[in-house]
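Remarks on the structure that follows.
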Amino acid sequence: MNITEILFWFLTALALGGSLMMVFSKNPVYSVLWLIVVFFAISGHYILLNAQFLAIVNIIVYAGAIMVLFLFVIMLMNLNADNEPQKNKWLKIAGVIAGGCLMLVLVSAILRTEGLKEQTLSLSGSTGLIKQLGKTLFTDYVLPFEISSVLFLSAMVGAVVIGKKED
Amino acid sequence: MNTILLAIDLPLVLEKVILIALVVTVSMVVAMYATWGERKVAAFIQDRLGPNRAGPLGLFQPLADGLKLFMKEEIIPNASNKVLFILGPSLAMLTALLTSAVIPWGDKIEMFGRTISLQIADVNIGILYVFGVVSLGVYGIMIGAWASNNKFSLMGGVRAASQIISYELAMGLSLIALLMTTGTLSLSEMVHQQQTGWWNVIKQPVGFFIFLICAFAECNRTPFDLAEAENELIGGYHSEFSSMKLGFYLFSEYINMFISSAIMATLYFGGYDIIPFYDESAWGLSTNLMALLGFLALFVKILVLIFVFMWVRWTIPRFRYDQLMNLGWKSLIPISLVWMLITAVFILATR
């Protein structure tokens, strides 16, 4: 095994282990922290794929902003393992079955996708670097890019409207 | 798969390990003597002498303080979350030290037939990496505050975290204006541009001012030190911490100050550039000597900026919490947005 493969398997184990720990942790604060570990592992995968920009944006947006808000909410509501209401046993079983079915569908869909195996990745050079990414976003994909920014704007306006105290 | 990217080059690894050890040591020592400097500056401003008992000019004072913190009893409250209680200060220290990886501390030096770059990692997203690590700085405070299981700690932690998040936005916007003028995200590239041309502070005065204010807020320094308000919140997020865990929190503040001064010196004051508007290569000095002089220039700039941090603190300004939030959201963000527009128009007009 060379160093890239070792790193790949290490990050994979970290991501899978972290996500399992996130699901099985009793304490919601631990769950958030494990989820942050998962984001870091995924960012590591991005770096292995030479996508530095995506890796760092993943950390800034998810680990640095969204998970901080999660942590805020959980800490201020003081959710603890002790006062967490126990869910019905049947509900748990139903959840496991539904989740398993979803995984089955996803895995079989990916396995049967035509042409996925033939695709080669061009990882060398500047594929994932910011210059390339910026050019692609602002020439080939400019319309979806602008539309998604309008979506963000509407979400922001919505948040302000909800957050206003008196009307 | 892609096996081309990573292959171990042993001398390179050794070189980087030594460089990392050096940078971490320098950060620690500077942070240690920043506590001494802080007291001396405070004494100077308040017309006192400051620490002068331990050693000449009180130079051994930081060692005595460190020893005191080590010797104190380690108290972990019974009702606290033990794992997170230890994780909090450790994370604060870790995130404070991580940023130094992308700062170019000097030009290249030649040693043992190798050309060694005095930058640990020259990634082409340098400034975004800094931004990412800064955004992670909240966790050390939040986790430590919550794990203490103390209302005042939690309130202090929430204050610190919301302040850091709010000022990150204005900081990012002021950086965008800077990135538009430099056209690169790599810190070493920015320094190269400033070596022969103008320093960025001349092109971006408003951007620098906003960045400076946000740096104060990110470091939890006065006037943004509402996270620890003795008369409202006891010690804020570190009320429950004692001994070296408290030491880590206090120490990480000084390291943050050092690193953010280094970043400001790199971004706006030419990094290791010695004289603005002048190409120093005309002196014809050897590479190693130039690198040393460059490092010294950078260090002087950092010390001046650290002095500014202390100077502001000892004029004893203070905001109320709502004033702090108003300043961040209603003044700094609009100003940096307008400044961004002005920069963009200027670049388009002069193209």
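The values are calculated or read from the model by the stated rules, or taken from the named source; none is laboratory data. Nothing here was measured: the structure is a model prediction, and the numbers come from that model. FYI the Cβ positions are ideal-geometry reconstructions off the backbone, even for glycines, and counts take in every protein chain you see.
Couple of notes before you dig in:
- Helices (runs of 4 or more DSSP H) (entirely within the range A:28-108) containing at least 3 residues that are at pLDDT 85 or above and β-branched (Val, Ile, Thr): A:28-48
- Identity of the residue in the range A:59-73, more than 9 Å from chain B (Cβ to nearest Cβ) and surrounded by 15 or more Cβ atoms within 10 Å (Cβ to Cβ), that ends up farthest from B:PHE131 (Cα to Cα): A:PHE70
- Elements of type helices (runs of 4 or more DSSP H) in the range B:1-113, at least 3 residues being away from every other protein chain (no Cβ under 14 Å) and either among the hydroxyl-bearing types (Ser, Thr, Tyr) or within 30 Å of A:ASN2 (Cβ to Cβ) (or both): B:10-45
- Members of the range B:244-282 found to be modelled with pLDDT under 80 and more than 28 Å from B:PHE307 (Cβ to Cβ), listed by number: B:ASP279, B:SER281, B:ALA282
- Within the range B:60-90, the set of residues being under 24 Å from the mean Cα position of the chain (by Cα) and loosely packed, with under 14 Cβ neighbours inside 10 Å comprises just one member, B:LEU63.
- Pairs, first within 15 Å of B:GLY66 (Cα to Cα) in the range B:25-53, second among the basic types (Lys, Arg) and surrounded by 16 or more Cβ atoms within 10 Å (Cβ to Cβ), C-beta under 6 Å, six or more apart: B:PRO51/B:ARG39
- Condition broken by B:GLN119, with the remaining ones in (1) within 11 Å of chain A (Cβ to nearest Cβ); (2) in contact (Cβ under 8 Å) with a residue 60 or more places away in the chain satisfied: (1)
- Screening B:MET142, B:MET93 for residues that are surrounded by 23 or more Cβ atoms within 10 Å (Cβ to Cβ) and not basic (Lys, Arg) leaves exactly one candidate, B:MET142.
- Residue within the range B:144-153 that is in a helix (DSSP H, G or I), under 17 Å from B:PRO104 (Cα atoms) and in contact (Cβ under 8 Å) with a residue 12 or more places away in the chain present: no
- B:LEU298 being in a helix (DSSP H, G or I), crowded, with 20+ Cβ neighbours inside 10 Å and not polar (S, T, N, Q): yes
- Of all the listed residues (B:ILE116, B:ILE103, B:ILE120, B:ILE125), the sole one being surrounded by 13 or more Cβ atoms within 10 Å (Cβ to Cβ), out of contact with any His (no Cβ under 8 Å at 6 or more places or on another chain), closer than 30 Å to B:TYR237 by Cα and not aromatic (Phe, Trp, Tyr) is B:ILE103.
- Checking each residue in the range B:145-167 for being within 8 Å of another protein chain (Cβ to nearest Cβ), under 19 Å from B:ILE86 (Cβ atoms) and surrounded by fewer than 23 Cβ atoms within 10 Å (Cβ to Cβ) picks out only B:LEU154.
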